[in-house]
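Q: Just passing along the structure, written as structure tokens.
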Amino acid sequence: MDSIGSEPKPCVFIQSNAKQKIGALVSAYSLRRNSASPNAFDVRIMNHEDHGFFAAREGQVYLRDGIKRVWRNDDLQSFTPLRFMPPELMGYRGRAVVIDPDVFAVGDIYELFRRDMQGKAILCRRRGNKATGKTYATSVMLLDCAKLTHWKVEEQFNEMFAFKRDYMAWISLLLEPPETIGLFEEEWNDFDRLTEKTKLLHNTKRYTQPWKTGLPVDFTPPDRIRNFPPYGWVMRARRALFGEYGLLGRYKPHPDPNQERFFFGLLRECLEQGIVTEGQIRAEMARNHLRHDALEVLERTPPLGSRPAAA
């Protein structure tokens, strides 16, 4: 097992933006709540709005999956380039975990920090299938920051607008040397699956995120599905005729009630402990960032045990 005693204190970085503020706060709470060593690591939320290089590119064209798209800072996932910022923030020393704001700890995150990385710079999981091609899921990564000194977010973000860097290749780690990437178990980034083995639950299917049920969809879907060109034609026509989010409909209920209960059980504890206030909840509901019946859902959500119920 790698020693981390002489390094800076490990830190979990949660990438977020204004639309995912409540999710990020709940995520941060879950990390400490469900760790046996909550003081052994730091937790830091990286807010998209705190980095001016995003605002400077509003409305400009960048390269995404081989297609030129317009950058919108109000997109639900405008924070994703921040996945590559933790090494800079750690001074390229020590270990960091970076997660999306829709990732919630079920197990002990400190177990991940203590993993033997076997000389790899990055540990993550695969995503995709034979039809789409397997790539890496960067929504949860364990990072050896000393091995990632080439990660310079602002510079590399700007390369997308010079058409020198493709967003999808960047975000999928296709620009990294393959030998520097290792894999951890899927339970450390469990895609909308809650079982007895789950360590980090990721509500990655955006249409069914439990805290957004009923709200208008406000994220950018992919511009194409590999091996099915007509999808891209339809998506581009939709945007041209009806706007960025036109005809995308509304968020649906999550198919697993246990995952909804888990999120709202955590939010209930955040409310009870003053981490989130009722005023914040009402404000986020008014902004369409949080489902409009959130307070009613909280009232009927039972207290959480040591672990949520699993399917």
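Taken together, the values in this text are just the output of simple stated rules run on the coordinates, not laboratory data. Given the structure is predicted, the values throughout are model-derived calculations rather than measurements. Cβ atoms come from the backbone with ideal geometry, glycine included; neighbour counts cover every protein chain shown.
Q: Give me the net charge for the shell around LEU148: Cβ to Cβ below 13 angstrom, other residues only, Lys and Arg +1, Asp and Glu -1.
A: Details: positive: ARG83, ARG93, ARG95, LYS120, LYS147, LYS152; negative: GLU88, ASP144, GLU176.
Surrounding charge for LEU148 is +3.
Q: Can you give me the Cα centroid spacing of the stretch 52-67 and the stretch 148-208 in angstrom?
A: Here the answer is 18 Å between Cα centres.
Q: Can you give the FRET efficiency for PHE163 and ARG287, using 1/(1 + (r/R0)^6), R0 = 35 Å, r = Cβ-Cβ distance, to the nearest 0.05? Present the calculation step by step, with values, prior to reporting the outcome.
A: Values: r = 34 Å, r/R0 = 0.97.
That pair, PHE163 with ARG287, gives E of 0.55.
Q: In addition: Report the charge-dipole magnitude of the stretch 143-188 in Debye, nearest 20, computed about the Cα centre from +1 at each Lys and Arg Cβ and -1 at each Asp and Glu Cβ. Could you put the intermediate results ahead of the total?
A: Working: 4 positive and 10 negative charges, 66 e Å.
Dipole of the stretch 143-188, to the nearest 20 debye: 320 debye.
Q: Let me ask something additional. Roughly what % antiparallel, to the nearest 5, for the DSSP beta bridges in the chain? Don't skip to the end; give the middle numbers.
A: Working: 19 of 34 bridges.
In the chain, approximately 55 percent of DSSP beta bridges are antiparallel ones.
Q: Here's a follow-up. Under 12 Å from the Cβ of TYR29, count the other residues' Cβ atoms, weight Lys and Arg +1, Asp and Glu -1, and hand me the total. Don't jump to the answer; show the numbers that get you there.
A: Details: positive: ARG32, ARG33, ARG268; negative: GLU269, GLU272.
The answer is +1.
Q: Can you show me the helix-derived [θ] at 222 nm for the chain, built from DSSP H runs with n ≥ 4 at -39,500 (n - 2.57) apiece and divided by the number of residues, rounded to the nearest 500.
A: Working: 10 runs with 86 residues, N = 311.
Helix contribution divided over all residues of the chain: -7500 deg cm²/dmol.
Q: If you stretched the chain out fully between GLU155 and ARG93, how much longer would it get, using 0.36 nm times the residue separation minus the C-alpha to C-alpha distance?
A: Values: separation 62, 0.36 × 62 = 22.32 nm, distance 2.00 nm.
In short, 20.3 nm is gained.
Q: Which Cα, out of SER16, LEU304, GLY265, lies furthest along the positive dipole direction of the chain (beta carbon charges, K/R +1, D/E -1)?
A: Value computed over the given set: SER16.
Q: Just add up the charged neighbours of GLN15: K/R +1, D/E -1, any other residue whose Cβ is under 9 Å from the Cβ of GLN15.
A: Numbers: positive: ARG83; negative: ASP100.
In short, 0.
Q: Translational D (Stokes-Einstein, µm²/s) of the stretch 11-204 at 4 °C and 1.567 mPa s when Rh comes from the Kirkwood sum over C-alpha pairs?
A: Numbers: Rh = 17.0 Å.
Here the translational diffusion coefficient equals 76 µm²/s.
Q: Only four residue types carry charge here, +1 at the Cβ of Lys and Arg and -1 at the Cβ of Asp and Glu. Report the dipole size of the stretch 111-167 about the Cα centre in Debye, rounded to the nearest 20.
A: Values: 12 positive and 7 negative charges, 77 e Å.
The calculated dipole for the stretch 111-167 is roughly 380 debye.
Q: Might you report the magnitude of the Cβ-based charge dipole of the stretch 11-204 about its Cα centre, with Lys and Arg at +1 and Asp and Glu at -1, to the nearest 20 debye? All intermediate terms of the calculation are to be shown ahead of the outcome.
A: Details: 28 positive and 26 negative charges, 45 e Å.
Here the stretch 11-204 has a charge dipole of around 220 debye.
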